[in-house]
Structure formats: structure tokens, C-alpha cells
Amino acid sequence: MDRYRPGRIIYTDKNCIKTYDGTTTRLIAGRSDSHVYRDYREGVGAEARFNAIQGFMQISDVRMVVADSFNSCLRLIDRESGTTSAFSGQCEKEGYQDRLPGLFHYPWYVVMDRNDQSQLLVADLKNSAVRTVDVASGAVGSFVNSSMLQFISHLTQDEMGNMYVSAHHALYKITYDNKVISLLSGSAEDSLSSGIGYRDSTLLNSLYSSPQDIIFIGPDMLLVADDGNKKLRLVDINSNNVTTLNVASPDDYPERPVAILLTENSLFVGVHQTILQYQCE
């Protein structure tokens, strides 16, 4: 939900950020028709250039942090002026380095740390890591790094701050206090061609295909955008069960869901060409 313009939602159109109120779309920064590989430019509004924005976080009513994934850096957007600026990492330079200026390799998703509002948590896809970023300075740290988190893309936190992440073709839990990583659901096969499938079953017997966004929709209940299977999956941790979410009409089922936003009355699902809105019963 847009904190700067209440009543709107913010979304990324790959190479730009936009805001939408159900009728009118407004550009925040970047250009949809910018498809030049490694395109990067700081600027105001449409003058700015991004390369495959995957995630963003509003750190105040007027400031946004954007994960400019293929430029391997985080950037700031000032909502009042529309001006972009480098924030964390080194744009157009990939690597793994903590402190300042720090290095990322495809930062994919960014959230505010529920247990520490002074830092962000970043899913660093090619580094198989969850990184920390100081909100004030942009200094980079490492929360956890593991081969278990290959192709980590999205993350969310429970009330205790424990993380639940989608990585490869599975879901993992990372405890906040002692940083223990455990397979939550799906297959831990580390081959690109293994562990892929579609099966509703118990947590560890279920199968996914490139799960993306993952959010809590209730205590111990996760909703997962299963991109490769073109399904929305419900993960009930308490009952040890994974099911597929049903919608009113099978013809309205989202094709390749990537992003999820749940409000009081609506479920918004970002797919590969549009945003769908469902009314929740």
C-alpha cells in the first residue's frame, strides 16, 4: 500500500516503479520501455533507469528503497521530488562484501527487519544469503549465508522475527536468534532439474516450481506464489499440510503468480502481465 499517496498500491513494472488507485496509474521513477541490458542512470522520474526491479520497501512516507536487481545495488527514491540516488552496494558491480560500500549479486527482495527497525533484510539471490542494510548509512552486513539458500528470492517474518524464505524450489525457515536454517516445505535437492513438481501433501512431501512471494495470512499460515506451477499455495504449519488456494472461477486463476498483497478485503496478485484483484470471503 502506498504510504505517500494513501488508497493506492505501488508495483514494479520491471524497469520502473508505479502507483495505481484502481483507475489511474502514475509513474514514480524509471521507464517501462527501457530494455537495455545493464541500463543504469540516476535522475528524476522518467529520467532514471533501472534494470529488473524485483523488490522495494517504503522506509518512510517519502522515501523508498528499491532492489535494482540486475544492477546489483539498492537505490533510494524520494517521493516528493521523484529523485533517485545510490544507497547500498555498488551499482553495476557484482560481488560479496560487507560494510561500506558493500557488494551484492542480484539483490532480489527487501523488507524492514521486524526485530530491528534500524536495518533492512535483503534476499541476495546469487550470493545465497540474507544480508542486512543499515537504514541510516546503507552499510551492508551478512545475517546468514548458506548453500541451502541457492536462488533465494523472497522472504517474510513471523511475530518473533523468524524468517521464511523461498529458495530454489522449496521453502526454508531461518530462526532469528541462532540463525538455524531448516527445510520447511518442498524438496532440498540442489540440482536445477531436481526437486521440481506440483504436489499437495504434508510440508516435506509437497513439491513446488520456483516459488516466489511468500506472506503470512494468519498465525502459522503462509500463502505462496508458486510461479512455475501457476498456483497459489496455502502452507499450514500447524496442521503440517500444503493445499492449493481455490478461486471463485477456475478461468480467473492467476497465470504465473509472482507477488502477493493482502488487504482487509482484497487479495492482489501480481502476475507476468497484469495485477489481479480478488475479493476475500
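The values are calculated or read from the model by the stated rules, or taken from the named source; none is laboratory data. As the structure is a computational prediction, the values presented were derived from the model and not from experiment. Please note: Cβ atoms are built from the backbone with ideal geometry, for glycine as well, and neighbour counts cover all protein chains shown.
Considered as a group, the residues in the stretch 36-63 that are out of contact with any Asp or Glu (no Cβ under 8 Å at 6 or more places or on another chain), modelled with pLDDT under 95 and part of a loop (DSSP other than H, G, I, E, B) include one that is nearest to Thr132 (Cα to Cα), and that residue is Asp39.
Close Cβ contacts (under 7 Å, 6 or more residues apart or on different chains) running from residues in the stretch 170-182 that are exposed (fewer than 13 other Cβ atoms within 10 Å of the Cβ) to residues that are of a type in the set (Lys, Arg) comprise Ser182/Lys173.
Taken over the stretch 160-195, residues that are β-branched (Val, Ile, Thr) and within 17 Å of Val258 (Cβ to Cβ) amount to 1. If you go through the stretch 150-163 and keep only what is within 14 Å of Thr175 (Cβ to Cβ) and among the hydrophobic types (A, V, I, L, M, F, W, C), you end up with Leu155, Met160, Met163. Filter the stretch 43-56 down to the residues that are over 11 Å from Asp68 (Cβ atoms), touching a residue at least 12 places away in the same chain (Cβ under 8 Å) and not small (Gly, Ala, Ser) and list them by number. Selection gives Val44 alone. For the stretch 195-206, does any single residue satisfy the condition of being surrounded by 14 or more Cβ atoms within 10 Å (Cβ to Cβ), hydrophobic (A, V, I, L, M, F, W, C), within 20 Å of Asn240 (Cβ to Cβ) and assigned by TED's automatic domain parsing to the domain that holds Ser239? Yes. Within the stretch 10-35, being touching an Asp or Glu at 6+ places or on another chain (Cβ under 6 Å), more than 15 Å from Leu76 (Cβ to Cβ) and outside any loop (DSSP other than H, G, I, E, B) holds for one residue alone: Thr19. For the stretch 221-236, which residues satisfy the criterion of being at pLDDT 95 or above and surrounded by fewer than 17 Cβ atoms within 10 Å (Cβ to Cβ)? Within the stretch 221-236, Met221, Asp236 meet the criteria. Among the residues of the stretch 89-112, the ones that are polar (S, T, N, Q) and not in a loop (DSSP other than H, G, I, E, B) come to 1 in all. Would a scan of the stretch 237-257 turn up a residue that is over 22 Å from Asn162 (Cβ atoms), surrounded by 20 or more Cβ atoms within 10 Å (Cβ to Cβ), of a type outside the set (Val, Ile, Thr) and in the same structural domain as Ser153 (by TED's automatic domain parsing)? Yes.
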